[in-house]
Each structure stands twice: as C-alpha cells, then as structure tokens.
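Presented below is the structure to which this report refers.
Just so you know, all these numbers are worked out from the coordinates, no wet-lab data involved. Since the structure is predicted, the reported quantities are computational estimates derived from the model, not experimental observations. No Cβ is skipped: glycine too gets one built from the backbone with ideal geometry, and neighbour counts run over all protein chains shown.
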Amino acid sequence: MPITEDQPTNPIGVYGASKLRGELAAFEKNSSSVIIRTSWVYSSYGNNFVKTMIRLMNERESVNVINDQIGKPTYARDLAIAIMEVIEEWPAITNSSRIFNFTNSGIAISWYDFACAIKEIIGSKCIVNPIHTSAYPTAAKRPVYSVLDTTKLENQLSITIPNWKESLIKCMSLM
C-alpha cells in the first residue's frame with residue numbers, strides 16, 4: 001500500500017535518516033513548518049535519472065536497469081507548482097498536519113519501467129535489460145517500495161496531480 005504521511009518513518013540508510021533529521025529540525029526551529037515528501041525527482045536541468053538514461057541510450061547498445069524497486073517519478077516542475085499551491089493555501093492548512101506527500105499520479109512503476117518509457121519517447125533502439133538490485137550494488141541502500149500516497153495533498157488543496165508519463169513527455173520536450 002502507498003505510504004501515508006502519518007505512518008511511522010523507518011529510514012534504511014544514511015540518506016533517509018538525514019532527510020528525517022531535516023524534518024525534525026525544521027519543526028524544532030519552526031513548529032508551523034510544512035514538509036513535502038517526494039521521490040524520484042527529475043527535470044530538464046541538472047543530473048537525474050531521465051537525463052542519464054537518455055545519454056546512455058544514445059551511447060550504448062544496451063543498459064541494465066533495476067526492476068525490483070517500485071515508486072512513482074516526480075517532475076520537478078509539477079512539484080514546484082504544488083509547493084506554490086501549498087503557499088497560496090497556507091491559512092487552510094495551518095490547523096492540520098503539516099506533512100504532505102507529492103509525486104506524479106499514475107500506476108507505480110520500477111526504474112526499469114521508467115527507463116522503458118524514456119526509450120519509447122525518444123525512439124531509441126537501445127536494449128533495456130531488467131536486473132535485480134543485488135546485481136547493481138551501491139553504497140546507498142534503497143527501499144524496495146517507496147510509493148507515496150498523495151491523497152491528503154489532493155484533498156486538502158483540491159489539486160489534480162498530473163500523470164507521471166504525461167509529465168515525462170513534457171519534461172523531455174524541453175531537453
């Protein structure tokens with residue numbers, strides 16, 4: 001089931017633990033802080049999964065992509081719009097829990113599924129091979145399931161969150 005804002009946190013690595021410490025510090029310094037949790041953020045700027053996949057698909061005949069970690073991508077532009085909505089609706093949310101989840105809507109996917117969508121959009125002939133996390137060891141531990149429930153944000157702000165694939169297409173049109 002998607003993770004709600006009120007579920008207990010259980011960071012599995014240094015990165016997650018540092019994010020939780022940041023949340024706690026924000027509330028300690030200002031009890032009216034608002035936290036927006038997100039995942040798998042990408043943009044037409046900076047370094048991110050989408051830009052890396054496009055580069056690799058243009059350079060290689062095949063790429064290996066993890067298929068056993070599930071989440072939802074977040075287009076940074078859509079996240080920025082949601083943040084602006086939170087700021088505009090500030091008086092309406094000051095009496096509620098100030099932690100919200102935001103990711104794009106649509107079905108939860110694996111990194112492999114995300115790479116396949118990127119491949120389709122750019123029309124690449126690169127072969128995308130699904131692999132297990134164990135075949136791609138990294139120092140950072142990643143959760144197997146990191147799907148965030150966005151119902152609270154959608155209901156409190158009455159916003160419609162764009163589908164991840166539609167947002168991916170928009171983002172890639174700017175690259």
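Overview of values
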item: Residue-wise HN-Hα coupling along the range 64-77, computed from phi with Karplus coefficients 6.51, -1.76, 1.60 (Hz; x: Gly, Pro); result: 9, 9, 4, 10, 10, 10, 10, x, 9, x, 10, 7, 4, 5
item: Which of Met1, Met57 has the fewest Cβ neighbours within 10 Å, and the rest in rising order; result: Met1, Met57
item: For the range 23-34, 3J(HN,Hα) per residue [Karplus equation, 6.51 cos²θ - 1.76 cosθ + 1.60, θ = phi - 60°, Hz, x = Gly/Pro]; result: 4, 4, 5, 4, 5, 5, 6, 8, 5, 9, 4, 10
item: Low-density loop cleavage sites - trypsin sites (Lys or Arg not before Pro) in the range 40-129, where at most 16 other Cβ are within 10 Å (DSSP); result: Arg60, Lys125
item: For the chain, the fraction of alpha-carbon pairs in successive 5 Å shells from zero, as %; result: 1, 8, 15, 19, 19, 16, 10, 6, 3, 1, 0
item: Acute angle (nearest 10 degrees) that the helix 164-173 long axis makes with the longest principal axis of the chain, alpha-carbon atoms; result: 70
item: Net charge, Ser158 excluded, C-beta distance under 14 Å - Lys, Arg +1, Asp, Glu -1; result: -3
item: Whole-Hz couplings from phi, Karplus 6.51/-1.76/1.60, listed for the range 112-123; x for Gly and Pro; result: 4, 4, 5, 4, 5, 5, 4, 4, 4, 5, 8, x
item: Cut-off under 5 Å, modelled amide H: who pairs with Asn129 long-range; result: Val63, Asn64, Val65
item: Cα-based reach from Lys165 at 16 Å (exclusive), listing lysines while leaving out same-chain residues under 8 positions away; result: Lys51, Lys72, Lys119
item: Amide H contacts of Ile3 (H built 1.01 Å from N, under 5 Å, at least 5 apart or other chain); result: Val147, Leu148, Asp149
item: Value of relative contact order over the range 23-91, rounded to a whole percent, pairs C-alpha under 8 Å and six or more apart; result: 36
item: Value of [θ]222 nm, deg cm²/dmol, for the chain, DSSP H segments ≥ 4, -39500 (n - 2.57) each, nearest 500; result: -12500 deg cm²/dmol
item: Long-range amide H partners of Asn101 with built H, under 5 Å; result: Arg37, Leu153
item: Charge dipole (the chain, unit charges on Cβ, about Cα centre) - positive-most of Thr52, Ser110, Tyr42; result: Thr52
